[in-house]
Structure formats: C-alpha cells, structure tokens
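Working notes for the structure below.
Just so it is clear, none of the values below were taken in a lab; they were calculated from the coordinates. Computed from a prediction, not measured in an experiment: that's the story for all the values here. Here the Cβ positions follow ideal geometry from the backbone for every residue, glycine too, while neighbour counts run over all protein chains shown.
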C-alpha cells in the first residue's frame, strides 16, 4: 500500500462514516486560492499591515513603506489578494485604497473550523 493510500485508509478509520464528504471538503478547502494566497509570508504580512490600519484602507505607496520590496512586487501581491477576495479595493479620486475583506476571510476560516469539527472528531 502506498503512503498516500495508507494515510487515506487511516483517515477513513478516524473520520465519520461519510468519509467522502469530509475528503471532498478538505480537498476543495485546502486547494482553494484562499490558502494558496496565505501560503506566502509577504502576503500574510501585507494583510497584517492593512488590517492594523482599520477599515480606512491603505494606498500601495503606504503599504510599500513597510517592506523592503519594490512597488511593482507589492502591487503584484495586492492584485493576487484582491483577485482572490482577501482584499477589497476602493477608489477615491485617483487613489486606490486596499482593505481586508474581513467578512470573506472570517467566513472562510469559520468554514474551515466547521469542517474540521465535523470531520475529525
């Protein structure tokens, strides 16, 4: 039996009878872009920096002052976070302000906890 098959078999023994339900939810959840975005330390730090500013939002130039990266790299990370709903973009005049999409982030984390509670008792 392969290592992956052994892990799957062990998981079947420890999870509820509806193993496929749990397996499918874990597959979808952990392969989602939400966790891929959070898998990068710079993006984690960007979210923390923006969240400390409250709901007012921050401009790219203000965010960039917290990092030893060029503005293009910061913009790339911001675009990825925005495209995957972790950040929201608000335009005020010519300025663009980024804020954390707390409803989405908290909702996804709560869903993760619910799946873990339901499937790994």
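Need one word for the stretch 29-70: rounded, prolate or oblate. Basis is the Cα gyration tensor (sqrt eigenvalues a ≥ b ≥ c); a/c below 1.5 gives rounded, then a/b vs b/c decides. Note, shape of the stretch 29-70 comes out oblate.
Per-residue ellipticity at 222 nm computed for the chain from its helices equals -19500 deg cm²/dmol, with DSSP H segments shorter than 4 residues left out and the rest contributing -39,500 (n - 2.57). Be a star and scan the stretch 98-120 for residues whose amide nitrogen sits under 18 Å from the point 7 Å along the Cα-to-Cβ vector of residue 27. Those under the cut-off are 115-116, 119-120. For the chain, the square roots a ≥ b ≥ c of the C-alpha gyration tensor eigenvalues yield an a/c of 1.5 or more together with a/b exceeding b/c, which makes the shape prolate.
Taking R0 as 41 Å, what's the FRET efficiency between residue 69 and residue 19 from their Cβ-Cβ distance, rounded to 0.05? Computed FRET efficiency for residue 69 and residue 19 comes out at 0.40. Given their separation in residues at 0.36 nm each and the Cα-Cα distance between them, residue 102 and residue 39 gain 20.9 nm when the chain is fully extended.
Just to confirm the number: angle between the C-alpha axis of helix 3-14 and the first principal axis of the chain, 0 to 90 degrees, nearest 10? The angle comes out near 80 degrees. Stretched out straight at 0.36 nm per residue, the stretch from residue 51 to residue 113 would grow longer than its current Cα-Cα span by 20.2 nm.
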